[in-house]
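Notes follow once the structure below has been shown.
The values are calculated or read from the model by the stated rules, or taken from the named source; none is laboratory data. What you see is a predicted model, and the numbers here were worked out from it, not measured in a lab. Cβ placement follows ideal geometry from the backbone for every residue including glycine, while neighbour counts extend to all protein chains displayed.
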Amino acid sequence: MAINQDLWHSACEKEFRHWPCPNCRAGIVGLVKGSIHSMETLDSKRSHDHEAWEPEWIDERFSAFLKCQSCGEVVVASGRRSVEAFEDYDQHTGEPESFHAEIYTIKNIYPSPPIFTIHKAFPEKIANELKGAFSNFWPDHSACANSIRRTIEAVMVERGMKTVTDNGKPIFLDSQITEYEKTSSDIAVLLRGIKWHGNYGSHVTDAPLSKTDLLEGFEVLEQALEQIYIKDGERIRKIAEKMTKGKGKPN
């Protein structure tokens, strides 16, 4: 399923986005009325004395509470509040007009909403790595990319790929994927792409991955995990149903 890029953009104007609940995953979290609190930074306060000061110079830190409309789970968000100038046209006169809007840029959310569904079929280790990746998505792109890569490492171990040779030498992720490719070539293509994505995001600092880049990585990761665990789960269920139908008698 394609990930809605707009939903995960950091900046929110006037209203916060409605993210999926990190607890029940069936509901959405919405802003608790009156829960936004902000304070202006010291440098921002000092800038008011400048003769060229404009509202766009305002820089504040904020915190806010969100609550799930279904299960009641509470989520806290924090980040930067700024003011931006916009140009538009009066709907009645057609004359140009300018206005200012408050922009809330999310830097952290706890607990973090799931960027895609963590299915019950996912092993616990992989589910935990995904939660870490979702949490790192907001404050640290490099850490997020590394968490995505660690998820693939966990998948390879769970799928039975060796981590060391008979001589005790480590087997690296790329070699594990190559071995996995012998039986699941289509999925291996996805895993290798995610591996390079994670490598780049973890180590390249002069041109880091953007949120859009990370969301594309999550989209490929979701597809890979669903092919491995959801479709495989369906196959196993069908085998079990066949066993039940034949009362254990082999075909």
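Confirm whether residue 37 is touching a residue at least 24 places away in the same chain (Cβ under 8 Å) and over 30 Å from residue 131 (Cβ atoms).
no
Within segment 76-85, is there a residue that is out of contact with any strand residue (DSSP E or B) (no Cβ under 8 Å at 6 or more places or on another chain) and either part of a helix (DSSP H, G or I) or surrounded by 19 or more Cβ atoms within 10 Å (Cβ to Cβ) (or both)?
no
Please indicate, with yes or no, whether at least one residue in segment 113-132 is modelled with pLDDT under 95, surrounded by fewer than 13 Cβ atoms within 10 Å (Cβ to Cβ) and assigned by TED's automatic domain parsing to the domain that holds residue 199.
The answer is yes; a qualifying residue exists.
So, of the residues in segment 137-173 that are surrounded by fewer than 17 Cβ atoms within 10 Å (Cβ to Cβ) and of a type in the set (A, V, I, L, M, F, W, C), which turns out to be nearest to residue 9 (Cα to Cα)?
Here the residue is 143.
Name the pairs: first residue in segment 183-209 and crowded, with 20+ Cβ neighbours inside 10 Å and outside any helix (DSSP H, G or I), second residue modelled with pLDDT under 95 and not hydroxyl-bearing (Ser, Thr, Tyr), Cβ to Cβ under 7 Å, at least 6 apart or on different chains?
209/141; 209/145; 209/201
Can you tell me how many residues in segment 1-60 are within 22 Å of the chain's Cα centre (by Cα) and either of a type outside the set (A, V, I, L, M) or outside any loop (DSSP other than H, G, I, E, B) (or both)?
Qualifying residue count, segment 1-60: 26.
Suppose we filter 117, 212, 205, 151 for residues that are over 28 Å from residue 23 (Cβ atoms) and hydroxyl-bearing (Ser, Thr, Tyr); which single one remains? Steps first, please.
Values: 117 fails: over 28 Å from residue 23 (Cβ atoms); 212 fails: over 28 Å from residue 23 (Cβ atoms); 151 fails: over 28 Å from residue 23 (Cβ atoms).
When all the criteria are applied, what remains is 205.
If we keep just the residues of segment 137-182 that are in a loop (DSSP other than H, G, I, E, B) and among the hydrophobic types (A, V, I, L, M, F, W, C), which is farthest from residue 229 (Cα to Cα)?
The extreme case among them is 138.
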